[in-house]
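A quick write-up on the structure given underneath.
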């Protein structure tokens, strides 16, 4: 298997609804391809890690590099791996904010405006700090305290991770609704995403 991490910048304003479409595509396609990974987005910048079988990952990275929706594409690392770091996620996601940055002690001198290809490409320690806290055993301060020796605790950790991802998607959906209303209204495709999200939330409560 292989893990590839890359940086890029949105070619134009990448809205909340654009992010929702992108994540939906990942969540549908990646399980079929055996892909897992993480996407961090902020300040119109993408930091993404993808892991899986060599040919599948490299083919996807080739397609991403030619995607006209972003520019300044650069591969940060390419590693042969035995084990996955993001095995729980078809594509984990975080929309980076000043608050989430403030929650990382190692990033006390880092600001959201620094989350750009130029700065990140020359500050590997910042990238490592951003990625490290999202890996399966480091997701947030609560999960860091969990000792995953017991099956129940493993399930609890996975449930917390799942709920966090669900919260990220829900916030993104709310942001996209606000953006659409400001732009003149909500279209049919946007309503479809709302129904899909609502159905997913209802299934989680059953």
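Read the figures in this text as sums done on the coordinates, not as results from a lab. The structure displayed is predicted, hence computed values, not measured ones. So basically every Cβ, Gly included, is an ideal-geometry build from the backbone, and we count neighbours across all protein chains shown.
Per the Kirkwood formula on distinct C-alpha pairs, the Rh of the stretch 1-122 is how many angstrom?
On the way: mean 1/r = 0.0668 Å⁻¹.
By the Kirkwood definition, the hydrodynamic radius is 15.0 Å.
Here the simple spin-label model places points 7 Å from the Cα toward Cβ, and for residue 195 and residue 97 these points are separated by 3.0 nm.
Length gained on full extension, residue 181 to residue 69: 38.0 nm, using 0.36 nm per residue less the C-alpha separation.
Expected output is a single nm value to one decimal: the length gained when fully extending between residue 55 and residue 104, i.e. 0.36 nm times separation in residues minus the C-alpha distance. What is it? Intermediate results must be reported in sequence, preceding the final value.
Details: separation 49, 0.36 × 49 = 17.64 nm, distance 3.46 nm.
Between residue 55 and residue 104, full extension yields an extra 14.2 nm.
Peptides 34-47, 11-24, 115-128, 61-74 ranked from most to least packed give 34-47, 11-24, 115-128, 61-74, packing being the mean of other C-beta atoms within 10 angstrom over each peptide's residues. Where in the stretch 21-46 does the label zone of residue 87 land, with the point 7 angstrom along Cα→C-beta and an amide N cut-off under 20 Å? Only 30-39 pass the distance filter.
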